[in-house]
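Everything on this sheet refers to the single structure shown next.
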Amino acid sequence: MANVATAVEPGRRRKGVSAVVSAVLRFVVVGAVTFLGLLTVTFFIGRVVPIDPVLAIVGDRASASAVAAARQQYGLDLPLWQQFALYLKKALTGDFGTSVLSSNPVMQDILRVFPATLELATAGTLIGLFFGIPLGVLAAVKRDSLIDQIVRVIGLVGYSIPIFWLGLMGLLIFYAKLDWVAGPGRIDIAYEYTFTPITGLFLFDAAIQGEWAAFADIFSHIILPASLLGYFSMAYISRMTRSFMLNELAQEYIVAARAKGLRETRIIWGHALRNAAVPLVTVIALSYATLLEGSVLTETIFAWPGIGMYLTNSLQNADMNAVLGGTIVIGTVFIGLNLFADLLYRLLDPRTRA
Amino acid sequence: MTLLRIEDLSIRFPTRTGDIEAVRDISFSVGRERLAIVGESGSGKSQTGRAILGLTPAFAQVTAKRLEFDGIDLLKATPRLRRDLRGKRIAMILQDPKYSLNPVMRIGRQIVEALRAHENVGTREARERTLDMLAAVQIRDPARVFDLYPHEVSGGMGQRAMIAMMLIAGPELLIADEPTSALDVTVQLDILAILDRLVAERGMGLIFISHDLRLVSSFCDRVIVMYAGRVVEEIAASELSRAKHPYTQGLLNCMPSIDADRHPLPTLERRPEWLL
């Protein structure tokens, strides 16, 4: 009997390893194909928009020979497929050309603005998770109670009030009137020249350098826009948590869990939420991805130098390199988060593991 | 010795269009014996089982002149006491293991959890006792099944795990709510044999809820027939052929027999006066 058991074990382990390898491989292939699709689509968008990239660089008073020279310099005289090949090669090495507006390489610009969005979106999502999940669970458990009504109202408000209005009201009340938080921007001018960003995530940078005064100032700047995004994220997450939980609480395994005499808290948080977490992962990842695209309205109101504002600016100035580069970066983040959600999904639900 | 005593139990579900009376003034008692509750769907047999465990939905109204388990008044018992009774002294097996086992939790953990809800045992001992229990429901390779998820086992195996989960804390009364209806006919007999042996060995009382009269008559000592929330007949299983109520007779008549060639097979009659 013991011999049989030990003979079985290595086989099972090998099967487990090969399953992981094949899962990872599948992820790489899916990710690569989607990424290639993203590059192709952005390339053709770049071709069809009625903006002449050469004109944007040399200006509308340049001579015909200057235009031709620029055209040659940027490879725009080549056949389309060669242009596409060149585009792929450069995009894969992270070279999106030079921004017309800032005259920096686009990648450098994005590396500067993206961390600002990343920090804000992460703070917002964390706030949304921290309040949204418990609220949703309680609303489902105490259905039609006061807390359920509150969650519904929060959801309704989050659904119907425009974010820019709430943002302006927030600034008016908490910054202008009460002076509880700092105003627009990421950091006060007093710290702007003494503070050295490392990762671009200011809270993190200040913490690892022990710059606690700067940390407090950065915190005071981020708390209002992050709460705002967090509120909308919370409204969405709590609504989805509530509906997933209602679905799980009606299942037979909950009756079985009660029949074996488990505590209600254990049934709710250990059994029902553990099952509701499976679809929730996708919802949360998508909501996070939406915030990572950069919320243009929030970034504009709070003068937050993030990717949403960068893209809007570039678009208004016909800075095609910057727009395409930004789009590719956002698209890549989106693909990455989706793959990550898929991976988590597999971890949480044994039935999806092939 | 009587374990459970029920007098005039009623279960009402208030709805917008008026109350629905799922169970109406039923009375019976169970000792350490096998009692079958038979009836068609909607007759109130499952709700009766759930009311005994205190698993009736909160919005429903449960009333009874007497609802006693081993001298404990269940209707006056605190929620805490009722929870302690569940699993520890009264347990329930549900119909379909595909839905009644938590899909994202390993089978072993679900059984361990049932044990540790009632007994303060260490991880090692809990595991040992779970493996013993899995062996007791005739699972050949308990250590392997312990680490499997519910979707990785067959229906018969899942129902064995369910029985193990519900018996591990040693209940005195077991309510089996159609425990074999979702299973293949060949597996049904295995599961019944396991239940039969464990109930006898442990001297438990069993309430076997089913719609299968023939199965019940061979497996149980006593049969209660329910119709529209009422008990219409209570009879010893061996005397089922002498049932008096026309509904029971109708049920029995509907069963085809292999020796007798009966055409057409009688259909079930439902007279409105039985609803009163």
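Quick notes
- Average other protein chain Cβ within 10 Å of Cβ, residues B:86-99: 3
- Shape of chain B, Cα gyration tensor, a/c cut at 1.5: oblate
- Legend: mean number of C-beta atoms from other chains within 10 angstrom of residue C-beta atoms, peptide A:258-271, equals 6.
- Selected from A:A272, B:A164, A:S233, residue furthest toward positive end of dipole (the protein assembly as shown; charges at beta carbon): B:A164
- Within the protein assembly as shown: Cβ-based charge dipole about Cα centre, in debye rounded to nearest 20 (Lys, Arg +1; Asp, Glu -1): 1000 debye
- Note on B:E125 and A:K177: their simple-model spin labels are 6.3 nm apart, each label 7 Å out from Cα toward Cβ.
- When chains A and B come together, the accessible area they lose, probed at 1.4 Å and totalled over both chains, is close to 2200 Å².
- Chain A - percent relative contact order, Cα under 8 Å, separation 6 or more: 25 percent
- Peptide-level mean, for A:248-256, of C-beta atoms on other protein chains within 10 Å: 6
- DSSP beta bridges confined to the protein assembly as shown are antiparallel in about 60 percent of cases.
- Taking each residue as 0.36 nm, the span from A:L146 to A:Q209 lengthens on full extension beyond its C-alpha to C-alpha distance by 18.1 nm.
- Centre separation in Å (Cα based) which lies between the stretch A:300-354 and the stretch B:66-144: 47 Å
- Per residue, the protein assembly as shown exposes 50 Å² of accessible surface when a 1.4 Å probe is rolled over the protein heavy atoms with every protein chain present.
- Here A:K260 is the anchor, and the lysines within straight C-alpha reach of less than 23 Å, apart from those fewer than 8 places off in the same chain, are A:K142, B:K45, B:K76, B:K88, B:K98.
- Positive-pole candidate from A:Y87, A:A121, A:A70, dipole of the protein assembly as shown, charges at beta carbon: A:A121
- Nearest-ten-degree value, helix B:155-167 long axis tilted from longest Cα axis of chain B: 80 degrees
- Against the main long axis of the alpha-carbon atoms of chain B, helix B:107-116 sits at an angle near 90°.
- Kirkwood-based Rg to Rh ratio, the protein assembly as shown, C-alpha trace: 1.12
- Approximating the spin labels as points 7 Å out from Cα along Cα→Cβ, the A:Q73-to-B:R242 distance works out to 11.1 nm.
- FRET efficiency, A:A32 to B:I258 (Cβ-Cβ, R0 60 Å, nearest 0.05): 0.40
- Counting protein heavy atoms only, the protein assembly as shown has 60 percent of its accessible area on carbon and sulfur, 1.4 angstrom probe.
- Between A:V49 and B:D147, the FRET efficiency estimated from the beta carbon spacing at R0 = 60 angstrom works out to 0.60.
- Lys, Arg +1 and Asp, Glu -1 on Cβ, resulting dipole of the stretch A:158-305 about Cα centre, debye, nearest 20: 900 debye
- Top positive-direction residue, dipole computed over the stretch B:59-101 with Cβ charges, set B:T63, B:S100, B:P79: B:P79
The values are calculated or read from the model by the stated rules, or taken from the named source; none is laboratory data. Every value quoted in this text rests on a predicted model; they were computed, and no experiment measured them. Every residue, glycine among them, receives a Cβ derived from its backbone with ideal geometry; neighbour counts consider all protein chains shown. Side chains included, ligands, DNA and RNA excluded: accessible areas come from the protein's heavy atoms. Shrake-Rupley method; radii C 1.70, N 1.55, O 1.52, S 1.80 Å.
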